[in-house]
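Notes follow once the structure below has been shown.
The values are calculated or read from the model by the stated rules, or taken from the named source; none is laboratory data. Treat the numbers as computed from the prediction; the structure is a model and nothing was measured. Glycine also receives a Cβ, built like all others from the backbone with ideal geometry; neighbour counts cover every protein chain displayed. With ligands, DNA and RNA removed, areas are computed over all heavy atoms of the protein, side chains included. Shrake-Rupley method; radii C 1.70, N 1.55, O 1.52, S 1.80 Å.
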Amino acid sequence: MSRDGNKVIGFLIGREKEMPDTVMGILNERYDGVMAELVKLGGTFFDEEVQYDVIIDRMSHEIPYYHAYVKYAALNGCYIINNPFVWAIDTKFFAGALMRALGIRMPRTAVLPNKDIAADTVPDSFRNLKYPMDWQAIVDYIGSPAIFKDVRSGGRRFAHRVNNVEELIQRYDESGTRTMILQQVIESNHQYHCMVIGGEKTLLMPYSLETGRYKASDEGLDDSIARQMTDTAIQITNLYGYEINMTEFVLRGDELYLINATNPSPLINRELMTEPHFNWICDEIAALAANRAMSPPKMKFPFNLSLP
């Protein structure tokens, strides 16, 4: 995997440019013994050598071929940030149910049947589904307004605020093959997103609903509440085994709600966050990648695996 005596760190990305370019620049300029570049793929064979010691994966949750490749790379000794075997089964609904089981306060949430299925089916394929769905009962349980959003973790996916049954049905009809959840809105102007890198480094960022950006600080936030959020974010990240994760909270009065437990591919750019936030995150991702390239832990597989 090493090239010219250097460990090779690859970035697997989509449209984003600012953060990957910054992190690759830091790695190539500040760290001896490593080199960073974009992953280049063009079909993968069983006996193909993996060119990377570490891959920072920002896109395999969207592109099935990329997901097939990072699992192949992991099998062949490449360390993937984040673990693709965990990410593949990570959903907002299961995460919320798990958090409730752990005693963490969550908004009321329901997962809904798919509007469409990307497979050949016949009416008998859906004999287990009740029809028609009791839309009013769903809205009555969740409350209104509510957030109708994609069940999968990672990025900012298809999401809409709905205020009544009619709006929910309209958005449901638009959802296609996505699996969707409906989640209670916790009305509050106090939102906080906690970035966790390497399982221990944390950055708690107040989020402004008014501007759609992170604020530099929140001087009115009680230190004990801040510690509760960072401790919970670390607990969740280590529970899942993620190297990079963002956890989202809402504070309403004295009640702290966890509204999103996992986001292994959060948006990271200067338009969204302050310059100190952006620089801290890029520095820590670079340090994490360099450390994992030089001293890679073993990838965790979803089965007992002992290779010769």
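Note down all Cβ pairs under 6 Å where the first residue falls in segment 262-276 and is closer than 30 Å to A97 by Cβ and free of Cβ contacts under 8 Å to residues at least 40 places away in the same chain, the second is open to solvent by less than 10 Å² (accessible area, probe 1.4 Å) and part of a helix (DSSP H, G or I), and they're at least six residues apart or on different chains.
Close Cβ pairs (under 6 Å, with a partner that is open to solvent by less than 10 Å² (accessible area, probe 1.4 Å) and part of a helix (DSSP H, G or I)) do not exist here.
Which one of the conditions (1) touching an Asp or Glu at 6+ places or on another chain (Cβ under 9 Å); (2) more than 20 Å from T237 (Cβ to Cβ) does N128 fail to meet, given that it meets all the rest?
(1)
From (1) among the aliphatic types (A, V, I, L, M); (2) under 20 Å from the mean Cα position of the chain (by Cα); (3) under 17 Å from I268 (Cα atoms), pick out the condition that doesn't hold for I63.
Every condition holds for I63 apart from (3).
Which of the strands (runs of 3 or more DSSP E) found entirely inside segment 156-215 contain at least 3 residues meeting this: over 21 Å from the mean Cα position of the chain (by Cα) and without any contact (Cβ under 8 Å) to a residue 12 or more places away in the chain?
none
Consider R227 against the criteria (1) charged (D, E, K, R); (2) assigned to a strand (DSSP E or B); (3) farther than 25 Å from V151 by Cα: it satisfies all of them except one. Which criterion is unmet?
(2)
What number of residues within segment 274-285 are within 24 Å of S60 (Cα to Cα) and crowded, with 19+ Cβ neighbours inside 10 Å?
5
So, in segment 228-246, of the ones that are open to solvent by 40 Å² or more (accessible area, probe 1.4 Å) and within 17 Å of G199 (Cβ to Cβ), which residue ends up farthest from the chain's Cα centre (by Cα)?
Among those residues, the one meeting the criterion is D231.
Inside segment 80-109, can you point out the residues that are in a helix (DSSP H, G or I) and either among the aliphatic types (A, V, I, L, M) or over 22 Å from L288 (Cα atoms) (or both)?
V86, K92, F93, F94, A95, G96, A97, L98, M99, R100, A101
Name the pairs: first residue in segment 134-146 and of a type in the set (F, W, Y), second residue assigned to a loop (DSSP other than H, G, I, E, B), Cβ to Cβ under 9 Å, at least 6 apart or on different chains?
Y141/R108
Looking at D116 and the list (1) under 27 Å from E248 (Cα atoms); (2) in a loop (DSSP other than H, G, I, E, B), which single condition is not satisfied?
(1)
Counting only residues that are basic (K, R) and out of contact with any strand residue (DSSP E or B) (no Cβ under 9 Å at 6 or more places or on another chain), which one in segment 4-56 is farthest from M273 (Cα to Cα)?
R30
Select from segment 273-308 the residues that are over 21 Å from I9 (Cβ atoms) and at pLDDT 95 or above and list them in ascending order.
M273, T274, E275, P276, H277 - these are the residues of segment 273-308 that are over 21 Å from I9 (Cβ atoms) and at pLDDT 95 or above.
Take the residues in segment 125-145 that are part of a helix (DSSP H, G or I) and hydrophobic (A, V, I, L, M, F, W, C), then tell me which one is surrounded by the fewest Cβ atoms within 10 Å (Cβ to Cβ).
Checked segment 125-145; the qualifying residue surrounded by the fewest Cβ atoms within 10 Å (Cβ to Cβ) is A137.
Residues P64, P107: which one is open to solvent by 60 Å² or more (accessible area, probe 1.4 Å) and either out of contact with any Lys or Arg (no Cβ under 9 Å at 6 or more places or on another chain) or at pLDDT 95 or above (or both)?
Result: P64 is the single residue among P64, P107 that is open to solvent by 60 Å² or more (accessible area, probe 1.4 Å) and either out of contact with any Lys or Arg (no Cβ under 9 Å at 6 or more places or on another chain) or at pLDDT 95 or above (or both).
I'd like to know if segment 254-261 contains one or more residues that are open to solvent by less than 10 Å² (accessible area, probe 1.4 Å), in contact (Cβ under 8 Å) with a residue 24 or more places away in the chain and of a type outside the set (D, E).
Yes; the residues of segment 254-261 include at least one that is open to solvent by less than 10 Å² (accessible area, probe 1.4 Å), in contact (Cβ under 8 Å) with a residue 24 or more places away in the chain and of a type outside the set (D, E).
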